[in-house]
Amino acid sequence: MLCIFCPHCGEYREEEEFSARGQAHIKRPEDPEACSDEEWGNYMFFRKNPKGLHHELWVHSAGCGKFFNMTRDTVSYEIKETYKIGEQPSVVAAEK
């Protein structure tokens, strides 16, 4: 079981209290009305699934209920860092 640090609560809690929500740092198109169906579909449904370091969006669902980002190694499951939405990661994940 993973112990996850919630940057809002300031505590380590068991992973059962959290829910993963997918890839972090997804930029919404500035003008969705001007997007083609392909561009909108890519924004909505296509995400990276790298082997190695990955930035993910998580929520402390059984705790404070706030969203935060996590940098995690998808091979070893090692959590490198957690940080609040709007902050920049200190660990850079390789783009693939």
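Laboratory data are not the source of any read-out in this text; all were calculated from the coordinates shown. Predicted model, so just to flag it, every value in this text is computed and none were measured. Reconstructed Cβ throughout: ideal geometry from the backbone, glycine too, with neighbour counts over all protein chains shown.
Descriptive notes on the structure:
- Of the residues making up region 59-96, those that are in contact (Cβ under 8 Å) with a residue 24 or more places away in the chain, farther than 14 Å from I26 by Cβ and assigned to a strand (DSSP E or B) are V59, F68, M70, I79, K80, T82, Y83, K84.
- Residue tally, condition more than 13 Å from the chain's Cα centre (by Cα), without any contact (Cβ under 8 Å) to a residue 60 or more places away in the chain, surrounded by 14 or more Cβ atoms within 10 Å (Cβ to Cβ) and assigned to a loop (DSSP other than H, G, I, E, B), over region 1-24: 1
- Scan region 62-82 for residues that are surrounded by 14 or more Cβ atoms within 10 Å (Cβ to Cβ), over 15 Å from E11 (Cβ atoms) and not hydrophobic (A, V, I, L, M, F, W, C) and the total you get is 7.
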